[in-house]
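The values are calculated or read from the model by the stated rules, or taken from the named source; none is laboratory data. Note that the structure is predicted; figures quoted are calculated from it, not measured. A quick note on method: Cβ atoms are made from the backbone with ideal geometry, for glycine too, and the neighbour counts reach across all protein chains shown. Heads up: the accessible areas ignore ligands, DNA and RNA and are worked out on the full protein's heavy atoms, side chains in. Shrake-Rupley method; radii C 1.70, N 1.55, O 1.52, S 1.80 Å.
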Amino acid sequence: MKIIKKFYKPFVITYVLLSIALGSYPTFDFYTFKGQLIILSVSIFNGVMGIFVKKL
């Protein structure tokens with residue numbers, strides 16, 4: 001359960017903030033499969049890093 005919490009928190013924060021940032025960029029198509037894949041892959045990477053990297 002602790003690992004899921006360490007993954008979930010950075011994943012959600014990254015997904016929301018990256019969606020807002022890239023959604024306001026005019027040439028980025030948020031609603032395509034490619035656009036969602038980019039956002040999900042970065043968020044999953046950040047979630048995995050949240051498991052392995054301790055806060056300083």
>> Taking the solvent-accessible surface of protein heavy atoms with a 1.4 Å probe, what is the per residue accessible area of the chain in Å²?
In response: 86 Å²
>> Counting only pairs 8 or more residues apart or on different chains, how many lysine pairs in the chain have their Cα atoms under 27 Å apart?
In response: 10
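Of all the stretches in the chain, which is the longest one without any exposed loop site, taking trypsin sites (Lys or Arg not before Pro) in a DSSP loop (any state but H, G, I, E, B) with at most 11 other Cβ atoms within 10 Å?
Answer - 1-53.
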> Can you pull the percent of the chain's accessible area that's carbon plus sulfur, 1.4 Å probe, other chains left in place?
Replying inline: 76 percent
>> Rounded to two decimal places and with Rh computed the Kirkwood way over Cα pairs, what is Rg over Rh for the chain?
In response: 1.06
